[in-house]
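Enquirer: Let me begin by handing over the structure; questions about it come next.
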Amino acid sequence: MVTARQELLDQSLAPICEKVAAGQRLTHAEGLRLFATRDIFTLGRLANLVRERLHGRKAFYNVNRHINYTNYCVLRCKFCSFYRSYPRGGAGAGDGYEMSIEEIVETAARAAEAGATEVHIVGGLHPRLPFSYYLDMCRGIRERCPELHIKAFTAIEIVHFARIARPRRSIAEVLCALREAGLDSLPGGGAEIFDDRVHDEAFQAKVGERHWFDVHRVAHDLGIPSNATMLYGHIETPAERLNHLIKLREHQDRSLAARAAADAGPRRPAAFNCCVPLSFIPEGSALGHLPGPSGLDDLRTLAITRLMLDNIPHIKAFWIMQTPKLAQVALNWGVDDFDGTVVWYDITRREGRGTNRQELSVDQIRRLIREAGCVPIERDSLYRELHRPVAAGGEGG
Ligand code: V47
């Protein structure tokens with residue numbers, strides 16, 4: 001049970017403890033108190049209480065492969081170290097790249113052969129590639145790997161496709177065409193922080209929160225599930241993080257209500273499956289002078305995300321950004337999902353890492369989870385449990 005009032009280091013948390021124990025929704029002001037408290041152990045216990053109420057000691061991971069098809073981007077977001085401007089003379093100069101459809105399909109096929117159940121595909125907003133490229137990408141993967149779940153394209157990419165498609169298409173038309181071609185769900189990227197001040201300072205040219213929510217609303221109405229993210233630890237304040245989380249919570253209320261009112265079936269409205277708080281990595285970005293979040297800020301933010309988002313089932317620590325060690329600790333701080341094996345990741349690289357190979361094996365993930373006192377559960381992209389034999393000699397206890 002959550003700490004009794006007299007045991008609290010910070011007595012101002014007592015009403016919050018009571019609300020969490022009673023399963024009541026927390027307010028912005030209560031979230032601020034959690035950001036301010038020095039009693040981080042009570043914060044962790046509260047987040048863990050909610051996590052265990054939902055998932056017991058299970059901790060989820062999947063066998064996936066991230067594919068970042070291009071780093072050319074028309075935007076210049078200050079937090080991003082990934083983008084490259086498209087060269088005047090065309091692709092190929094410098095360290096910009098774009099993958100051909102054949103390369104992407106081959107990569108997906110190799111991942112599926114190695115046991116992946118999901119490809120997570122995102123890239124920059126390429127100035128030249130036509131909408132047919134993205135349709136061909138999904139079609140090619142779907143034909144070659146009928147079982148592989150295609151989680152692809154952030155809301156920002158979807159808006160970009162609606163603009164470049166000829167004739168122009170609505171968000172709903174883009175999503176329907178992609179689904180027809182094989183798309184299964186949307187990742188949560190591109191959300192950053194829903195706030196005009198932060199938007200104008202750090203990612204001004206990017207479409208704002210209205211578009212991000214439009215895409216996820218239309219996706220949910222069409223029955224396409226998605227995730228949500230929050231990029232924290234740069235120029236935003238705790239109050240702005242909380243506004244962001246509350247906007248996600250309100251969106252999810254709407255999606256869940258639409259879902260509850262609809263009949264069951266494959267086109268039933270969908271909702272957010274998980275929220276992924278992304279820990280800002282300053283290296284190589286125009287905000288490289290900032291320190292980035294500390295370990296405690298990571299833990300605090302993950303725990304508060306769990307506590308504020310009472311209607312989103314899963315909270316993911318993306319170990320690429322939080323690091324495997326912090327993500328492991330976070331499993332007792334509200335987190336129940338570890339993302340997956342990843343393999344290659346281009347969007348962020350830690351200092352000193354010259355390579356984009358960033359992989360954890362299934363054995364390593366399962367061991368990290370077990371060491372945290374949790375039960376490792378492989379899941380598919382919709383959080384259904386998968387049971388396959390663990391390789392002999394692997395993981396152990
Ligand atoms: O949209 C960019 C962020 C996102 C940096 O849905 C950065 O399951 C930290 O959205 N430091 C892409 N973050 C990653 C993403 C994601 C990852 C894992 C799982 C899921 C999911 C989604 O990464 C971008 C942007 O918000 N990002 N630069 C940086 N320097």
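Enquirer: Taking the condition of being in a helix (DSSP H, G or I) and over 23 Å from the mean Cα position of the chain (by Cα), how many residues in the stretch 110-127 meet it?
Expert: The total comes to 2.
Enquirer: Right, something else. Of everything in the stretch 160-208, what is of a type in the set (Val, Ile, Thr) and more than 13 Å from the ligand (Cβ to nearest atom)? Give them in sequence order. Show your work before the answer.
Expert: Step one: of the stretch 160-208, the residues of a type in the set (Val, Ile, Thr) are 164, 171, 174, 193, 198, 207.
If the condition is that a residue be of a type in the set (Val, Ile, Thr) and more than 13 Å from the ligand (Cβ to nearest atom), then 164, 171, 174 are the ones that fit.
Enquirer: Give me the residue from the stretch 274-309 that is within 8 Å of the ligand (Cβ to nearest atom) and within 25 Å of residue 220 (Cβ to Cβ) and, out of that set, surrounded by the fewest Cβ atoms within 10 Å (Cβ to Cβ).
Expert: Applying the filter and picking the extreme gives 274.
Enquirer: In this structure, is residue 48 within 16 Å of the ligand (Cβ to nearest atom) and in contact with a Gly (Cβ under 9 Å, 6 or more places away or on another chain)?
Expert: On the way: within 16 Å of the ligand (Cβ to nearest atom): no; in contact with a Gly (Cβ under 9 Å, 6 or more places away or on another chain): yes.
When the stated conditions are applied, residue 48 does not pass them.
Enquirer: Additional query: Please pick out the residue among 41, 79 that is on the phi < 0 side of the Ramachandran plot, in contact with a Ser or Thr (Cβ under 9 Å, 6 or more places away or on another chain) and crowded, with 16+ Cβ neighbours inside 10 Å. Before you say what the answer is, go through the steps one by one.
Expert: Working: 41 fails: crowded, with 16+ Cβ neighbours inside 10 Å.
After applying the criteria, what remains is 79.
Enquirer: Quick check on residue 91: is it under 24 Å from residue 316 (Cα atoms) and either among the small types (Gly, Ala, Ser) or more than 16 Å from the ligand (Cβ to nearest atom) (or both)?
Expert: On the way: under 24 Å from residue 316 (Cα atoms): no; either among the small types (Gly, Ala, Ser) or more than 16 Å from the ligand (Cβ to nearest atom) (or both): yes.
Taking the combined requirement at face value, the residue does not satisfy it.
Rule-based calculations on the coordinates, nothing more; no lab input. Given the structure is predicted, the values throughout are model-derived calculations rather than measurements. As a convention, Cβ positions derive from the backbone with ideal geometry for all residues, glycine included, and neighbour counts pool all protein chains shown.
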